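Here the structure comes first, spelled out in C-alpha cells, and everything after it is commentary.
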Amino acid sequence: MFGFLKKVGDYTRDAVGAANYLTQGLSVTFDHLKRRPVTVQYPYEKLIPSERYRGRIHYEFDKCIACEVCVRVCPINLPVVDWVMNKATKKKELRNYSIDFGVCIFCGNCVEYCPTNCLSMTEEYELAAFDRHSLNYDNVALGRLPTSVTSDPAVIPLRELAYLPKGEMDPHVVDPARPRAGQLPSQVQTAPAASEDNA
Ligand code: SF4
Ligand code: SF4
C-alpha cells in the first residue's frame with residue numbers, strides 16, 4: 001500500500017513539473033507572438049550608422065607624409081605605401097597608397113595612430129563586390145567621400161534600435177524630432193583631469 005502511494009506521489013510531482021515547464025515555454029512563445037517584426041526595406045530604407053561606426057577608410061593623399069606608421073600599427077601590415085626617395089630634396093615622394101578591404105578587419109589602428117590625421121573611418125558599409133580584387137582601393141578610391149544615408153534622396157533613413165527613444169522598437173513610427181535614449185558624443189561632458197585641477 002505504501003509503495004503504491006509513493007508511486008502516485010512521484011507521478012503527481014512529475015506531472016506538475018512537466019506542466020510547469022510547458023507553461024514557461026508557452027509563455028515565451030506567446031510573448032514573441034505579441035511582437036511585430038521590424039523589417040527595414042533595404043535598399044529603399046537604410047539604418048543610420050552610429051557616430052563611431054567603423055566603415056570604409058577615407059584617405060587624404062595631400063596630407064600623407066609616407067611615414068608608414070599605419071603599416072606598422074596594422075595587425076596584418078595591410079596598407080601599401082608606395083614612395084621613392086628624391087635624392088635632390090632628400091625627401092620621400094609618395095606615389096600611391098592602397099588598402100585592401102577584402103583583408104582589412106576595420107580595427108581602426110591605422111586611423112588612430114596616423115600622425116597627420118589623413119585617415120578616417122567613414123559610415124560606408126556597402127563594400128560587396130563580384131571580384132575580390134576590386135576591394136583593393138588605391139588612393140583615388142580611398143579619397144572618395146562616402147554618400148551619407150541621411151543626405152541620399154533615394155533612401156529613407158531610419159534610426160537603429162540604440163538611437164530610438166526609450167521604449168520604442170520600431171523606427172518607422174518614431175517622430176524624427178523625438179530625442180534618442182542616450183546622449184550624443186558631443187553632449188557627453190568628460191570630467192577634467194586631476195592634474196588640471198591641481199594646476
Ligand atoms: S600613418 Fe598616415 S601619414 Fe603615415 S604613411 Fe600612413 S597614412 Fe600616411
Ligand atoms: S583598419 Fe586595421 S586592419 Fe584595416 S588597414 Fe587599418 S590597421 Fe589595418
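The values are calculated or read from the model by the stated rules, or taken from the named source; none is laboratory data. What you see is a predicted model, and the numbers here were worked out from it, not measured in a lab. A quick note on method: Cβ atoms are made from the backbone with ideal geometry, for glycine too, and the neighbour counts reach across all protein chains shown. Accessible surface is based on the protein model in full, side chains and every heavy atom, while ligands, DNA and RNA are left aside. Shrake-Rupley method; radii C 1.70, N 1.55, O 1.52, S 1.80 Å.
Two decimals is fine: what is log10 I(q)/I(0) at q = 0.14, 0.17, 0.20, 0.27 Å⁻¹ for the range 1-68, from a Debye sum with one equal scatterer on every Cα and no solvent?
Reported log10 I(q)/I(0), two decimals: -0.79, -0.90, -0.97, -1.14.
Using amide H atoms built 1.01 Å from N in the peptide plane, name the residues 5+ places from H58, or on other chains, whose amide H lies under 5 Å from its own.
Long-range HN contacts for H58: S120, M121, T122.
With point charges of +1 on the Cβ of Lys and Arg and -1 on the Cβ of Asp and Glu, referenced to the Cα centre of the chain, which listed residue (S27, S120, Y137) lies farthest in the positive direction of the dipole?
S27
On alpha-carbon atoms, Rg over Rh for the chain using Kirkwood Rh? Provide the component values of the computation, followed by the final result.
Values: Rg = 28.1 Å, Rh = 22.5 Å.
Over the Cα atoms of the chain, Rg/Rh equals 1.25.
How large is the charge dipole for the range 50-153, taken about the Cα centre, if only the Cβ atoms of Lys, Arg (+1) and Asp, Glu (-1) carry charge, to the nearest 20 debye?
Working: 12 positive and 14 negative charges, 114 e Å.
Value, rounded to 20: 540 debye.
What part of the accessible area of the chain, given as a whole %, is carbon or sulfur when the probe is 1.4 angstrom? Write down the numbers at each step before the final one.
Working: 8450 of 14730 Å².
Taking all protein chains in place, the chain shows 57 percent carbon and sulfur surface.
With a 10 Å radius around each residue's Cβ, average the other Cβ atoms per peptide and rank 33-43, 127-137, 78-88, highest first.
Working: 33-43: 9.4, 127-137: 11.6, 78-88: 13.5.
Sorting 33-43, 127-137, 78-88 by mean packing, highest first, produces 78-88, 127-137, 33-43.
Report, in whole Å, the centroid distance computed from the Cα atoms of the range 22-71 and the range 159-181.
15 Å
What's the ranking of 165-171, 98-104, 58-64 by average number of surrounding C-beta atoms within 10 Å, highest first? Can you show the working numbers first?
Values: 165-171: 12.6, 98-104: 17.7, 58-64: 16.0.
The packing order, highest mean first, is 98-104, 58-64, 165-171.
Report the convex hull volume per residue for the range 1-117, counting only C-alpha atoms, in Å³.
On the way: hull volume 25.9 nm³, N = 117.
Each residue corresponds to 221 Å³ of Cα convex hull volume.
When you take every Cα atom in the range 74-171, what is the radius of gyration, and what is Dmax, the widest Cα pair distance, in Å?
18.3, 66
Output ³J(HN,Hα) for the range 45-55: one whole-Hz value per residue in order, computed from phi by the Karplus curve 6.51 cos²θ - 1.76 cosθ + 1.60 with θ = phi - 60°, and x for Gly and Pro.
Those phi angles translate into 10, 9, 6, 7, x, 5, 4, 9, 4, 9, x Hz.
Need one number: convex hull volume per residue for the range 51-123, Cα atoms only, in Å³.
Convex hull volume per residue, Cα atoms: 86 Å³.
Could you state the angle between the C-alpha long axis of helix 2-34 and the longest principal axis of the C-alpha atoms of the chain, as a value from 0 to 90 degrees rounded to the nearest 10?
40 degrees
Using just the helices of the chain, give the 222 nm mean residue ellipticity in deg cm²/dmol: DSSP H runs with n ≥ 4 each add -39,500 (n - 2.57), and the total is spread over all residues, rounded to 500. Walk me through the intermediate numbers first.
On the way: 5 runs with 52 residues, N = 199.
For the chain, the value works out to -8000 deg cm²/dmol.
Any idea how far apart T12 and K91 come out in nm if each label point goes 7 Å out from Cα toward Cβ?
9.4 nm
Determine the gain in length on full extension of the stretch H172-Y125; use 0.36 nm per residue of separation and subtract their C-alpha separation, reporting nm with one decimal. Provide the component values of the computation, followed by the final result.
Working: separation 47, 0.36 × 47 = 16.92 nm, distance 2.17 nm.
Stretched out fully, the H172 to Y125 stretch lengthens by 14.8 nm.
Calculate the spin-label point distance for R132 paired with Q24, positioning each point 7 Å from the Cα along the beta-carbon direction, and give it in nanometres.
4.5 nm
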